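Structure record follows, encoded as structure tokens.
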Amino acid sequence: MPRSNGRTRNPLAWLAAVVASAALAAACEGRVGDAKPGFLPPPPPAGAAACGGVEEPGPSPIRRMTRFEYDRTVHDLLGDEARPARGFAPEEQAYGFDNNATALVVSGLLGEQYLAAAEQLAAAADLARLLPCDPVADGELACAARFVKSFGKRAYRRPLDDEQLGSLLEVFRAARADASFEVAIRAVVSAMLQSPYFLYRVELGAPAAAGATTTTLDGWEMASRLSYFLWGTMPDDALFEAAANDELATPAQIEAQARRMLKDPRARAVVADFHDQLFDLPALDTIPKAAPDFDDVIRADLKAETRLFLDDVFWNDGRFEALFTAPWTYVSEPLARFYGVAGAPASGFAKVAVDPERRGGVLTQGSFLAIHARADQSSPIHRGKFVREKLLCQPIPPPPNDVQINAPAVDPETSTRQRFEQHEKDPVCAGCHHLMDPIGFGFEHYDPTGRWRDVDGKTAIDASGRILDSLDANGAFDGALQLQERLRRSGQVRSCVVTQWFRYGYGRGETTVDRCTIAGLDAAFAKAGYDLRELLVALTQTPAFRLRRVDGGAR
Amino acid sequence: MSAPKLSRRNFLRGAGGAALALPLLSYVDVGRTHAGPPAFPKRIVFWYTPDGTVQEAWRPIGTPESFELARIMKPLAPFADQLTILENVDLGVSYAGPGDMHQVGMGALLTGRKLQAGSLFIGAGGQSTGWGDGVSVDQYIASRVGQTTPFPSIELGVQVIGATVWTRMSYRDAAQPVPPESEPTRAFARLFGDLGRPTDPAAAALRTRRKSVLDAVSRDLSRLSGKVSAADRVKLQAHLEVVRDIERRLDLGGGILPAACAKPTAPEASLDTDAIGNFPAIGRLQMDQLVAALACDLTRVASLQWSNAVSTTVFTWLGGKQGHHELSHAGDADAAAQELLTRMNVWYAEQLAYFAGKLRSTPEGSGTMLDHTLIVCVNELSIGNSHSRFDMPFLLLGGGGGAVPGGRWLKYPSGTNHNDLLVSLCHAMGLTDVTTFGDPDYCKGPLPGLLTTG
């Protein structure tokens, strides 16, 4: 059940400023800054030569757990099924993802929520399972110490040092003074679940050589990097053991673990979370639509269709291009009626071939088309913006903040395309809009709910479009299928997918020092035939993943 | 100013324990033991609505010497004698620095600063922004006057979506946004979750245990802060302050709730807080809880954020079909759209009238809660379709403990920046040592003529 604080959808910000509910039958007024056609620099060229060859680790800001990670971690740590983090304040978002380390803060509200959750989890903890000793037989303090060490090692994801042990035993003693042994142990659990050693992935690195600017991570830290990257949760016993035996040091060792972990079902939740965020699928729950049959069932099923599709592409096919070319999808019985296609199963979802003239690939699915449309009209701008920003990785600048935009009145007799063509004609608007609208026009055959249409009002659909100002995807196309064909052949799009996984996997936006890392990943992706699972393995092999800068104090 | 213990005196319980109008007769009792009349706590409440207003229906009709309220303010007519309407106060600082027009409005509104140049929120060509670049006025006031109440401040929201620079107006410090709680049941649990009575031995033991746990957490945060990079240290220090705030609340002696303050009824857990149609119901619950929280002196600094910049709220209950932001971009000549926008803002004013009405119906001494409260109405824009941030629709409502005379329409000279208003708000809450707020280049000092003492 989605919750108000939990909606991760970014407000479609300044964008709608230039969309306007009205059509633009006249010019945009006002001063717009330097919005000249072609002013956007294309992304840096891929290839190691262009970057100078040295892959640096880049920054490694401390990473606070997200709600997704918190719930998965407490499940593995304590067997919790209640998923308390769903009620936490939502993550601050950046670069389209909710796990950007620099953006995340612990607000007062979140701090209190951590407290409440920690107490609830501690109260519900199955001590019979967690206590490694018997307080009566072994002595209370000795047993408490053993508990702190064994449970603490899992909670903090590394063996505790003496100061940590002492601090937690102090909690134990203070609680034991006026409560039972059990209550005191639960107080210790509560303290651990609120500790920064639990809530953050603490990385201080292995001791560095004198004068070195980078260092490796120690085994425990690497175990957590791997487990949170590929599983969104704490390390398993195998990872802990590898850490203890210092078997997470070489690239080969790390790769072996990564491959093992990708075969584990826990990886599926992470990939699904990435896709949910990239395609903003939860927005389907709340996006307003005028069509009365766009009900809760359809919303849920459109979400499921794309999730099943993306899962299937990633895990069974694996090829990047299948995102755009797979000639099948998943339908339920309500969706089959909604789309007007055959092959509906009696219940659940079935994989069906799509109409090759109209569908094929994620950008022809109802989820994408409906989310990036308005309540009662398609939106070439939203759809074009998505392609430009999320698939070509070219951010579109917002209008300079001193422009006065006054949209003129609507002419209801025109089609969406006709209305927005004015954007292109007015040089003041065209500077930014040429990046979006010409792409978005390619989707005009799909109405605001994602269904096929041949007319818009009184006008026959014209779905011709073009991509401008990209590195290698420029050109004309007619309709979404031809657009997707351009995208799947584009090195820029492939590099953008790499960049998106970089952002999500490393919890930060790419910086200029990451150029060579991205170039290296592009090369590895190509070498693997653009297999998406191999991309994830490649992400564990970079210096950015295996090393960190020496920028803190000593352990 | 009365001692903190005053807030823990006996409140009268309303019938059924659901009292929201709590006559604070105890203040009168205590007052008799003091030399002068009892001093009631001053409160300040920031009331945010999004996407600008319809100026022609907002600005009063007539002249400042003799005016009547325009359509959008008609619902506030019963409070006309405690209303101060400001004209020509600009969000000047928001025209400098990076960011798009909604980002800068939101980011500057309570901080009086430009956004940080940063790379969190993408805009190419050097336009990327970070968060707001300083403490917001509500958090600043809370840091000074809020240390004696269980919550230094309370932030509530109504369907605030996402956590980005478009949706956060409160900042504890630069790049430390403060999220509002948008879920009424969670707000209730947080505000009125009861540890039991302070005299209850079990509750006392729990409090001690909590403190001991939080001490350990604080130790870890302090220790870890010393080992990490400078940037990470900032985060951990901020986290440490959060933990210390919670500990301080425990130190204030007693559970979360003062001894005899009557809890309001808990909101229905079954309310679908994501359904757009429930926006009014959620707003009502949040307003009720906020009144109760103020009445129980859980805080003296609060904000209620209705949606957020670039609001997607569809006013279905007024026949609306588009999101607020989309609609706000209709041209001036689109009469139907402007009419609907006006009705939407009238609706927001009706909610404000409800909130103010509840404060007014709560007696405090010889006056009411509203006499001792200052509600500050804010918006990140002045005009939605042009994104104008000149002549912002600032409105003050309530007596502010005598700081703000009402019944006035104040026209300031063009070029007046809202930083001056933020200074005045500090003064209104007793912080008269404040001479500037936010970016000093945009601040001359308090707004002349706004407060009683000028």
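Condition (residue is modelled with pLDDT of 95 or more, within 11 Å of chain A (Cβ to nearest Cβ) and farther than 23 Å from A:Asn99 by Cβ) applied to the range B:116-127: is it met by at least one residue? Show your work before the answer.
The initial filter retains those residues of the range B:116-127 that are modelled with pLDDT of 95 or more, namely none.
Within the range B:116-127, not a single residue is modelled with pLDDT of 95 or more, within 11 Å of chain A (Cβ to nearest Cβ) and farther than 23 Å from A:Asn99 by Cβ.
If I filter the range B:247-285 down to residues being at pLDDT 90 or above and away from chain A (no Cβ under 11 Å), which single residue comes out as most open to solvent (accessible area, probe 1.4 Å)?
In this case the residue turns out to be B:Arg284.
Name the residues in the range B:432-454 that are buried (at least 22 other Cβ atoms within 10 Å of the Cβ) and among the small types (Gly, Ala, Ser), would you?
B:Gly438
Could you list all residues from the range B:313-358 that are among the β-branched types (Val, Ile, Thr) and open to solvent by 40 Å² or more (accessible area, probe 1.4 Å)? Give the derivation first.
Applying the first criterion (among the β-branched types (Val, Ile, Thr)) to the range B:313-358 yields B:313-314, B:316, B:342, B:346.
Result: B:Thr316, single match.
Could you pull out the residue among A:Leu278, A:Leu308 that is open to solvent by less than 30 Å² (accessible area, probe 1.4 Å), closer than 24 Å to A:Asp98 by Cα and within 25 Å of the chain's Cα centre (by Cα)? Write out each step before concluding.
Details: A:Leu308 fails: open to solvent by less than 30 Å² (accessible area, probe 1.4 Å).
When all the criteria are applied, what remains is A:Leu278.
Scan the range B:365-376 for residues that are open to solvent by less than 10 Å² (accessible area, probe 1.4 Å) and either touching a Phe, Trp or Tyr at 6+ places or on another chain (Cβ under 8 Å) or among the aliphatic types (A, V, I, L, M) (or both) and jot them down.
First, pick out the residues of the range B:365-376 that are open to solvent by less than 10 Å² (accessible area, probe 1.4 Å): B:369-370, B:373-376.
Matches in the range B:365-376: B:Met369, B:Leu370, B:Leu374, B:Ile375, B:Val376.
Going through the range A:361-402 one residue at a time, which ones are small (Gly, Ala, Ser) and modelled with pLDDT of 95 or more?
First, the residues of the range A:361-402 that are small (Gly, Ala, Ser): A:361, A:366-367, A:370, A:373, A:375, A:378-379, A:384.
A:Gly361, A:Gly366, A:Ser367, A:Ala370, A:Gly384, listed by residue number.
Against the conditions (1) open to solvent by less than 10 Å² (accessible area, probe 1.4 Å); (2) in contact with an Asp or Glu (Cβ under 9 Å, 6 or more places away or on another chain); (3) at the interface with chain B (Cβ under 10 Å from one of its Cβ atoms); (4) at pLDDT 80 or above, where does A:Asn5 fall short? Just the number, please.
If we test A:Asn5 against (1) open to solvent by less than 10 Å² (accessible area, probe 1.4 Å); (2) in contact with an Asp or Glu (Cβ under 9 Å, 6 or more places away or on another chain); (3) at the interface with chain B (Cβ under 10 Å from one of its Cβ atoms); (4) at pLDDT 80 or above, just (4) comes out false.
Among the residues of the range A:329-349 satisfying the criterion of being assigned to a loop (DSSP other than H, G, I, E, B) and not aliphatic (A, V, I, L, M), which is most open to solvent (accessible area, probe 1.4 Å)? First the steps, then the outcome.
First, the residues of the range A:329-349 that are assigned to a loop (DSSP other than H, G, I, E, B): A:332, A:340-349.
This time we only want the ones that are not aliphatic (A, V, I, L, M), so: A:332, A:340, A:343, A:345, A:347-349.
Working: A:Ser332: 5, A:Gly340: 64, A:Gly343: 47, A:Pro345: 23, A:Ser347: 92, A:Gly348: 48, A:Phe349: 69 Å².
The residue in question is A:Ser347.
Checking A:Phe240 against (1) crowded, with 19+ Cβ neighbours inside 10 Å; (2) of a type outside the set (Lys, Arg); (3) closer than 24 Å to B:Val217 by Cα, only one condition comes out false. Which one?
Of everything listed in (1) crowded, with 19+ Cβ neighbours inside 10 Å; (2) of a type outside the set (Lys, Arg); (3) closer than 24 Å to B:Val217 by Cα, A:Phe240 misses just condition (3).
Would you confirm whether any residue within the range A:146-156 is modelled with pLDDT of 95 or more and at the interface with chain B (Cβ under 10 Å from one of its Cβ atoms)? Spell out the reasoning first.
To start, the set of residues in the range A:146-156 that are modelled with pLDDT of 95 or more comprises A:146-156.
Still in the running and at the interface with chain B (Cβ under 10 Å from one of its Cβ atoms): A:156.
Looking through the range A:146-156, at least one residue is modelled with pLDDT of 95 or more and at the interface with chain B (Cβ under 10 Å from one of its Cβ atoms).
Name the residues in the range B:400-429 that are modelled with pLDDT of 95 or more and in a loop (DSSP other than H, G, I, E, B), would you?
Step one: filter the range B:400-429 for residues modelled with pLDDT of 95 or more, giving B:408-413, B:416-429.
Answer for the range B:400-429, where residues must be modelled with pLDDT of 95 or more and in a loop (DSSP other than H, G, I, E, B): just B:Met429.
Any residue in the range B:77-88 that is open to solvent by less than 10 Å² (accessible area, probe 1.4 Å) and facing another protein chain (nearest Cβ under 9 Å)?
Checking the range B:77-88: not a single residue is open to solvent by less than 10 Å² (accessible area, probe 1.4 Å) and facing another protein chain (nearest Cβ under 9 Å).
Open to solvent by 10 Å² or more (accessible area, probe 1.4 Å), closer than 28 Å to B:Ala309 by Cα and under 19 Å from the mean Cα position of the chain (by Cα): which single residue out of B:Met429, B:Met392 fits that description? It would help to see each step written out before you state the result.
On the way: B:Met392 fails: open to solvent by 10 Å² or more (accessible area, probe 1.4 Å).
That would be B:Met429, the only listed residue that is open to solvent by 10 Å² or more (accessible area, probe 1.4 Å), closer than 28 Å to B:Ala309 by Cα and under 19 Å from the mean Cα position of the chain (by Cα).
Conditions: (1) under 30 Å from B:Thr316 (Cβ atoms); (2) at pLDDT below 95. B:Ala349 meets all but one. Number of the miss?
(2)
State whether one or more residues within the range A:200-214 are closer than 23 Å to A:Glu140 by Cβ, among the hydrophobic types (A, V, I, L, M, F, W, C), in contact (Cβ under 8 Å) with a residue 24 or more places away in the chain and within 11 Å of chain B (Cβ to nearest Cβ). Quick ask: steps written out before the conclusion?
Applying the first criterion (closer than 23 Å to A:Glu140 by Cβ) to the range A:200-214 yields none.
No, the conditions are met nowhere in the range A:200-214.
The values are calculated or read from the model by the stated rules, or taken from the named source; none is laboratory data. On a predicted model such as this, the values are computed, not experimentally measured, just so you know. Ideal geometry is used to build each Cβ from the backbone, glycine not excepted, and the neighbour counts take in all protein chains shown. When the accessible area is computed, the model is the full protein with side chains, heavy atoms only, and any ligands, DNA or RNA have been set aside. Shrake-Rupley method; radii C 1.70, N 1.55, O 1.52, S 1.80 Å.
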